[in-house]
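Notes for the one structure printed next.
The values are calculated or read from the model by the stated rules, or taken from the named source; none is laboratory data. This is a predicted model, so every value here is computed, not measured. Cβ sites come from the backbone with ideal geometry, for glycine too, and all protein chains shown count toward neighbours.
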């Protein structure tokens, strides 16, 4: 599920949204109200239940061969997503929808690389929401490894210390870090 030319996507478990109104999320790091969406490159970051903690890594031009091998593994493709065991049933059963929105209403946000696009005025979808479907098949079709781990923190620490591109979403819902000893 990716946007077509001239579109961005907003993923939601709510299939009844008819108008997106800018708001400041409770967990926002900025005080400005936005409507949030993603382009095709970042759409896979949202092929999950909304609150599912996930750690993601992908190759970028400056990724070292050693980091690629260490984090992605041999023959591992260019991207990996990791979730915890406790979220597998929800991943398999969630009804996720994609709203197609006009890209012309949005501007990139994030430094040094954009991680999303935002609008500061209300936006109406270009049509009804589309069911995203089987999230495992979506990952498979995109060539993205999907790992299921007991705990995300070891993977996250390896990813953030590497030369890979990475993103972590809803990590506050991840299991606690294992005791240091």
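Let me spell it out: the conditions are (1) within 27 Å of residue 31 (Cβ to Cβ); (2) free of Cβ contacts under 8 Å to residues at least 12 places away in the same chain, and residue 140 meets all of them except one. Which number is the exception? Every condition holds for residue 140 apart from (1).
Could you tell me whether the range 147-155 includes any residue that is without any contact (Cβ under 8 Å) to a residue 60 or more places away in the chain, touching a strand residue (DSSP E or B) at 6+ places or on another chain (Cβ under 7 Å), loosely packed, with under 15 Cβ neighbours inside 10 Å and not in a loop (DSSP other than H, G, I, E, B)? No, that holds for no residue. Of the residues examined, residue 117 is one that is under 14 Å from the mean Cα position of the chain (by Cα), crowded, with 18+ Cβ neighbours inside 10 Å and either at negative phi or in contact (Cβ under 8 Å) with a residue 12 or more places away in the chain (or both).
What do you reckon, is residue 78 in contact (Cβ under 8 Å) with a residue 60 or more places away in the chain, over 30 Å from residue 176 (Cβ atoms), surrounded by fewer than 18 Cβ atoms within 10 Å (Cβ to Cβ) and touching a helix residue (DSSP H, G or I) at 6+ places or on another chain (Cβ under 9 Å)? Steps first, please.
On the way: in contact (Cβ under 8 Å) with a residue 60 or more places away in the chain: yes; over 30 Å from residue 176 (Cβ atoms): yes; surrounded by fewer than 18 Cβ atoms within 10 Å (Cβ to Cβ): yes; touching a helix residue (DSSP H, G or I) at 6+ places or on another chain (Cβ under 9 Å): yes.
It is true that residue 78 is in contact (Cβ under 8 Å) with a residue 60 or more places away in the chain, over 30 Å from residue 176 (Cβ atoms), surrounded by fewer than 18 Cβ atoms within 10 Å (Cβ to Cβ) and touching a helix residue (DSSP H, G or I) at 6+ places or on another chain (Cβ under 9 Å).
I want to confirm something. Restricting to the range 104-124 and keeping residues that are touching a strand residue (DSSP E or B) at 6+ places or on another chain (Cβ under 6 Å) and in a loop (DSSP other than H, G, I, E, B), which single residue is nearest to residue 17 (Cα to Cα)? For the range 104-124, the residue satisfying everything is 106.
For the residues 77, 168, 127, 86, the requirement of being part of a loop (DSSP other than H, G, I, E, B) and under 29 Å from residue 16 (Cα atoms) singles out 127.
Scanning the range 14-48 for residues that are in a loop (DSSP other than H, G, I, E, B), within 14 Å of the chain's Cα centre (by Cα) and either at pLDDT 95 or above or surrounded by 15 or more Cβ atoms within 10 Å (Cβ to Cβ) (or both) turns up 39, 42, 47, 48. Screening residue 9 against (1) modelled with pLDDT of 95 or more; (2) in contact with a strand residue (DSSP E or B) (Cβ under 6 Å, 6 or more places away or on another chain); (3) part of a loop (DSSP other than H, G, I, E, B) leaves a single unmet condition, (3). Could you tell me whether the range 53-69 includes any residue that is assigned to a loop (DSSP other than H, G, I, E, B), surrounded by fewer than 17 Cβ atoms within 10 Å (Cβ to Cβ), under 20 Å from the mean Cα position of the chain (by Cα) and at pLDDT below 95? Yes - at least one qualifying residue is present in the range 53-69.
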